[in-house]
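The structure appears below as structure tokens.
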Amino acid sequence: MKKFLFLLFFFPLISGYSQNLDIRLLRDINLHRNTHLDGTFRTITNTATPFAFGTPVILYGIGIINKDKDMKDKALCIGATVITASVIATILKNTVKRERPFNSYPDIQKETSGGGYSFPSGHTSDAFSLATSVTLAYPKWYVIVPAYAWASAVGYSRMDLGVHYPSDVLMGAVTGAGSAYLCYKAQQWLHKRKNK
């Protein structure tokens, strides 16, 4: 009971502090950005959806051409991961209904499209679901490093361009990476059952 009362009393304080920290970090990133890089960050942010949904399709096509069942299975798992992450992010957005930072704080400079609700970042979720699922399927340093560098750049671009809070990006990364891990484990479990 004491823990419950403690949380009940301190939650508004913690929540308020978190929101203040969120907007302070966003202002540091967005208002002090190098505006010459806006075009670069718009390009990076616009790669999230095509890369996330296109990569499994391309891998599956290569698997068909090469008659490589393992590659086709991996492509299906990667595709399932991206779809799962996208669905979870959409459900969370419509449940939490957090306003975009540029709507709540007029000083935030919106430099790219960002409609609908803010939490979590769908672009970041897509990017981290792809990065994590690809690195689980192909655990080589030359896959892992560029995949996570790209996913991190997508997440950063959403803050730099003023359309997401840092907590939106963090939750998007957790949603994407978590979806990838769960889909990977589910695929392993299905393979074990099928082999029995």
- Message: Between 32, 164, 123, where does the largest GNM mean-square fluctuation fall for the chain, given springs only between Cα atoms within less than 10 Å?
- Response: 32
- Message: Compute the angle between helix 69-96 and the longest alpha-carbon principal axis of the chain, please, reported from 0 to 90 degrees and rounded to the nearest 10.
- Response: 20
- Task: With springs connecting C-alpha atoms under 10 Å apart, model the chain as a Gaussian network and identify which of 72, 97, 140 has the largest mean-square fluctuation.
- Result: 140
- Note on the structure: Largest fluctuation, 89, 147, 180 only, Gaussian network model of the chain with Cα springs under 10 angstrom, belongs to 147
- Above-threshold pairs, the threshold being 30 Å between Cα atoms, out of 110/185; 67/140; 72/140: 110/185
- Extension gain from residue 149 to residue 73, taking 0.36 nm per residue of separation minus the Cα-Cα distance: 24.8 nm
- Gain in span if fully extended, residue 96 to residue 112, counting 0.36 nm per residue against the direct Cα distance: 3.5 nm
- Residue-averaged 222 nm ellipticity for the chain, from DSSP H runs of 4+ at -39500 (n - 2.57), nearest 500: -28000 deg cm²/dmol
- Query: Using the 10 angstrom Cβ neighbour count as an exposure proxy, how do 74, 93, 69, 110 rank, fewest first?
  - Reply: 69, 110, 93, 74
- Query: By how many nm would the segment from residue 64 to residue 37 lengthen if fully extended, with 0.36 nm per residue of separation less the alpha-carbon distance?
  - Reply: 5.8 nm
- Note on the structure: If 38, 126, 107 are placed from fewest to most neighbouring beta carbons inside 10 Å, the sequence is 107, 38, 126
- At R0 = 22 Å, FRET efficiency that the Cβ-Cβ distance of residue 103 and residue 28 yields, to 0.05: 0.70
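We did not get these values from a lab; they are worked out from the coordinates using the rules stated. Being a predicted model, the structure only gives us computed values, none of them experimental. When we count neighbours, we look across all protein chains shown, and the Cβ atoms used for this are built from the backbone with ideal geometry, even at glycine.
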